[in-house]
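Below you'll find the structure, written out as structure tokens, and then a few comments.
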Amino acid sequence: MATTPARPVRLINYLAYGSNDVLGAGSMAVVSGWVLIFYTQFCGLSASEAALIFAVARILDAITSPLIGYISDNFGATWLGRRFGRRRFFILAAIPLLPSFALMWLPGQQFWYYLVSYVAFEMVYAMVIIPYETLAAEMSTDYRTKAKFAGARILCGQVSAILAGFLPMWLITWLGRDSADTFFYMGLLFAALFMLTAGFLYLFSWERPGAAAAAAAHPREGGALGALRSLYRNLFSTMRIRAFRLHLGMYLGGYISQDVFNAAFTFFVIFALAGSTAVASGLLGTMYIVQLVAVALAINLALRASPALAYRLAAASFAAGVIVLLLLWSGGMTATNWLIWVPIVLAGLGRGALNYIPWATYNYMADVDEIVTGRRREGSFAGVMTFVRKATQAAAVAGVGVLMQWGGFVSGAHVQTPQAIHTIALLLGIGTIGVLLLGVLISFRFRLDPRTHAVLMQEIERLRRGETSPSDPQAQAVVEDLSGWRYDQLWGKNDVAARRD
């Protein structure tokens, strides 16, 4: 069978792909850094009510995010999928719905309004992000090209995170006071950016040739109930890929630690360091600028060496920043002391690399899965990643809120008790570093790098040609380590592949 020539990836394709992380990283930076402050300090909600909003959204997301991933894997069999793309159709359809982000930040509403608006945006977010996360694997199979896609994504995401950090400070300066309107205007500006970047992505991306035909070759059976059963069997089976399990552990270690830090940091600056919302905004924005520099360094390190090694170095820098920040606070430092920039820079260097490395390795998970199942299931992996990311972020933010309330925090108060402040400091320190250590421990078992990926792709080509034995014992050891399966069970000879949709 003739092989379709690879379509060249140009600079505009990297830019289009990367720009959409303005939605991915930008919205997550805004939510993790500011939504708890907005709900408790400006809207009159208790920390428990804020936690309930996140919990309800995650319950619904347990259905919607995996469902979108599953549907996008099979959407190529429909007329709309053939016309607009099985992945890209969802991105196009979500563009007019993205202003829902601004509605989350409308001040003066009640609990039920904030619950519904938060859930609505989360569903629209999933419509874009899940198909988006499949596109790097759709557009290229080359290790370095996929790493560059990941780099473009994280670099653009860090730019949007910088905006998420500084924008409240600029708006507060413009409005002249700490006002809830600050967050609504921020929501409007980000919603407009989300629409522009989603359109840019749609215009300058593509999908793997033959994807629609492959989807049509495996139609869904058993009606709606059968499709739902197949959906969750398919998704849970992704956890039986060893490299993906390890990747997920590193991903969660790096990202949940940042969620905990972000949720507690603004409160820490305001109440422990005697700062303000504007000061916290400036410090977060500066940290995100440092993260942008760190991403550029991490791209080179991950390409030249092991992603796992780069991950451990990044985690050490982030942890050092947190420890120094707490030591300075215990010594009586306030937010206006110039020494605060030392932990901000250390934390930023670590966080930037931690943001890049998991997404760089994620782009190869479908390759590892292919050698096990003989299929391409990017949508299923994207569905799991998006659900897990949003669930853990919500759990982190809600957990910080509940523990702060348990520690004596009073919503809307301008001054907190020493007990409440110490609770915030403990969350910032133990919460952040504890989660980070779990990711570091897992990284010692993760061995996907440029060399092992090349071996993996070589073995996939051999199996595709009908060969049944490895090229040599070393290659066998590599693919068995990455996949978690014996060589004679690969390429569909297992119960994961047997459960077809």
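Assorted remarks:
- Taking Lys and Arg as +1 and Asp and Glu as -1, the other residues whose beta-carbon sits under 14 Å from that of T468 total +1.
- Relative contact order, percent, the chain [alpha-carbon distance under 8 Å, six or more residues apart]: 25 percent
- Helical mean residue ellipticity (222 nm; -39500 (n - 2.57) per DSSP H run of 4+; nearest 500) of the chain: -23500 deg cm²/dmol
- Whichever aspartates and glutamates have a C-alpha closer than 12 Å to that of K390, once near sequence neighbours (fewer than 8 apart) are set aside: D61, E122, D259
- Here the Kirkwood formula, the inverse mean of 1/r across different C-alpha pairs, assigns the chain a hydrodynamic radius of 23.2 Å.
- Charge context of V478, other residues only, Cβ under 11 angstrom, K/R +1, D/E -1: -3
- Our note on the geometry: Cα centres of the stretch 449-501 and the stretch 263-316, 38 Å apart.
- Residue-count net charge about R245 - beta-carbon cut-off 14 Å; Lys, Arg +1, Asp, Glu -1: +2
- Most to least accessible of I12, I270 (protein chains only, probe 1.4 Å): I12, I270
The values are calculated or read from the model by the stated rules, or taken from the named source; none is laboratory data. Here the structure is a predicted model, which means the values were calculated and not measured. With ideal geometry, Cβ positions are generated from the backbone for all residues, glycine too; neighbour counts draw on all protein chains shown. Note: areas computed on protein heavy atoms with side chains; ligands, DNA, RNA excluded. Shrake-Rupley method; radii C 1.70, N 1.55, O 1.52, S 1.80 Å.
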